[in-house]
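Written out below as structure tokens is the structure these notes cover.
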Amino acid sequence: MEGYNLTRFVIGCLTIVITVLCFINRVFFKHKPLSTKFITRSAILGAMSTILYVVPYFQFHLPFFPSFLEFHFDEVPALIASLAYGPFSAAFVILIKTLIKLPLTSTLGVGELADFIYGILLVVPAGIIYKKMRTFKGGVLSVLCGALIQTLGASLITSFPILDFYMLVMQIPEESLLAMCQIANPKVTSLGWTFFGYVALPFNALKDVFIVIFTLLLYKKMHQIIDKIGQEKN
């Protein structure tokens, strides 16, 4: 994207995120509304997550994985939200970027549904653990536990219900999807346990390694910046 278009896109994402959060706050939290500070901070991280999720420039494929699996790092802002403001804020970030991406889906919503589930598996456990252990070691342990839960959960879910659902919705024969996997890795002999062992598990493990590293590197600085912006807006 050109600089001007990217700026408009960022502003647009932030506007949409704040609007959606305010709508959710008005409809579902009438009796105990969310604070403006919570909405502002969650919206900023939600906009960042959306940009990383939607803009093709921030996504890429690896040659030893099937082409329908993409690396994208939209879970980093969500994980930062989980550590800084709790699992509730992180869940909002995951929900917001999913809702914004849905109209742009190329998988009739299957990919977005899967990414939503996988994101929740990462950020909610991490946020819950960190609330009980608010130390540096607790932070490291929380993101590692969240990554482990997501790696195993996402790999199992992808290998079985999601692949079946994807083939059903997209009307793709099992043989065609298996052929795509075998082009990347000939050891994949079925869309089941060999897919789990040679594709889903290593893919999610590798992705989560990068998610954890980037989160730990960026957390402190991002937390300070967003806190400062939140204070200025209040």
Exactly one of (1) of a type in the set (Ser, Thr, Tyr); (2) open to solvent by 30 Å² or more (accessible area, probe 1.4 Å); (3) closer than 30 Å to Met180 by Cα is unmet by Thr50. Its number?
(2)
Please list, ordered by first then second residue, the pairs with beta carbon atoms under 7 Å, 6 or more apart or interchain, first in region 102-126 and of a type in the set (Phe, Trp, Tyr), second crowded, with 18+ Cβ neighbours inside 10 Å and in a helix (DSSP H, G or I).
Phe116/Ile94; Phe116/Thr98; Tyr118/Gln150; Tyr118/Ala154
Inspect region 25-34 for any residue being within 30 Å of Leu178 (Cβ to Cβ), modelled with pLDDT under 85 and open to solvent by 70 Å² or more (accessible area, probe 1.4 Å) and give the result as yes or no.
no
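Residues checked against (1) farther than 22 Å from Asp115 by Cβ; (2) polar (S, T, N, Q); (3) in contact with a Leu (Cβ under 9 Å, 6 or more places away or on another chain):
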site: Tyr166; (1), (2), (3): no, no, yes
site: Met170; (1), (2), (3): no, no, yes
site: Ala179; (1), (2), (3): yes, no, no
site: Ile183; (1), (2), (3): yes, no, no
site: Lys187; (1), (2), (3): yes, no, no
site: Ser190; (1), (2), (3): yes, yes, yes
site: Asn204; (1), (2), (3): no, yes, yes
site: Phe210; (1), (2), (3): no, no, no
Can you report the number of residues in region 54-77 which are open to solvent by less than 10 Å² (accessible area, probe 1.4 Å), closer than 27 Å to Ala179 by Cα and touching a Phe, Trp or Tyr at 6+ places or on another chain (Cβ under 8 Å)?
1
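The values are calculated or read from the model by the stated rules, or taken from the named source; none is laboratory data. Because the structure is a prediction, the values reported are computed rather than measured. Using ideal geometry, Cβ is built from the backbone for each residue, glycine included, and neighbour counts are taken over all protein chains shown. Quick note on the areas: whole protein, heavy atoms, side chains included, nothing else; ligands and nucleic acids left out. Shrake-Rupley method; radii C 1.70, N 1.55, O 1.52, S 1.80 Å.
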